[in-house]
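K.L.:
Questions regarding the structure given below will be posed in turn.
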Amino acid sequence: MQVFKIPCAMRKLDGSYSPFSINSTTTLNDLCDAVGEKLGQHPNILQLQYKLSKDKVKAPATSIEDNIELEIFLVRMRALIVPPCLANGMLSKCGPLKNLMVCFKDGTMEEKKTGKMDGKGKKNPSSATALAIEPLKKE
């Protein structure tokens with residue numbers, strides 16, 4: 001199999017993106033290390049998720065939690081980045097998608113930021129912390 005590079009970016013807490021690339025031979029631990037380093041978090045607590053730059057805005061992120069999901073991710077990236085071989089063994093002239101970028105994020109940060117929602121679009125009180133401040137009583 002041909003080794004290829006996957007262009008990636010990590011969304012930081014301030015909303016900016018930090019670009020990097022990974023090889024198609026990367027392991028799950030190496031990928032978590034790279035994303036954790038960019039985010040400044042320990043890789044063992046990451047909930048690794050990704051979206052493609054060409055995905056629709058409201059499309060959900062896809063998680064990578066084990067080696068099987070990593071293999072599915074790599075097969076998908078191969079189909080998008082590496083041109084297919086023709087019957088005569090030559091590479092197709094149809095090039096890969098232009099400006100394709102994989103945007104990684106930490107799913108645990110998203111949950112902390114938004115809190116879990118119930119089916120009616122309201123925050124679930126068991127997952128979101130509320131702070132009640134009572135006014136001081138005058139005597």
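K.L.:
Please work out, to two decimal places, the log10 of the ratio I(q)/I(0) at q = 0.26, 0.28, 0.29 Å⁻¹ from a Debye calculation in which every Cα of the range 1-56 carries one identical scatterer.
P.N.:
Once normalised to I(0) and log-transformed, intensities are -1.21, -1.31, -1.34.
K.L.:
Can I ask one more? Where the centre of each part is set by its Cα atoms, how far does the range 72-94 sit from the range 1-66, in angstrom?
P.N.:
Using only Cα atoms to place each centre, the spacing works out to 22 Å.
K.L.:
Okay, moving on. Normalising by the residue count of the range 5-114, find the relative contact order in percent from Cα pairs under 8 Å and 6+ residues apart.
P.N.:
RCO, the range 5-114: 32 percent.
K.L.:
A follow-up question, please. How far apart, in nm, are the 7 Å Cα→Cβ label points at residue 85 and residue 54?
P.N.:
The answer from the label model is 2.3 nm.
K.L.:
Let me ask something additional. State to the nearest 20 debye the size of the charge dipole of the range 5-114 about its Cα centre, where the only charges are +1 on K and R beta carbons and -1 on D and E beta carbons. The partial results should precede the final answer.
P.N.:
On the way: 15 positive and 12 negative charges, 140 e Å.
Value, rounded to 20: 680 debye.
K.L.:
Let me ask something additional. For residue 12 and residue 41 in the same chain, what is the full-extension length gain: residue separation times 0.36 nm, less their Cα-Cα distance, in nm?
P.N.:
Contour length minus the Cα-Cα distance gives 9.3 nm.
K.L.:
Let me ask something additional. Once Lys and Arg get +1 and Asp and Glu get -1 on their Cβ, which of 20, 31, 45 lies farthest toward the positive end of the dipole of the range 5-114?
P.N.:
Of the options given, the answer is 20.
K.L.:
Please order 5, 93 by the number of other Cβ within 10 Å, starting at the fewest. Intermediate values should be presented prior to the final figure.
P.N.:
Working: 5 11, 93 7.
The order, fewest Cβ neighbours first, is 93, 5.
Readers should treat all values here as calculations from the given coordinates under stated rules, not as data from a laboratory. The model shown is predicted, which means the values in this text are computed figures rather than measured ones. Cβ atoms come from the backbone with ideal geometry, glycine included; neighbour counts cover every protein chain shown.
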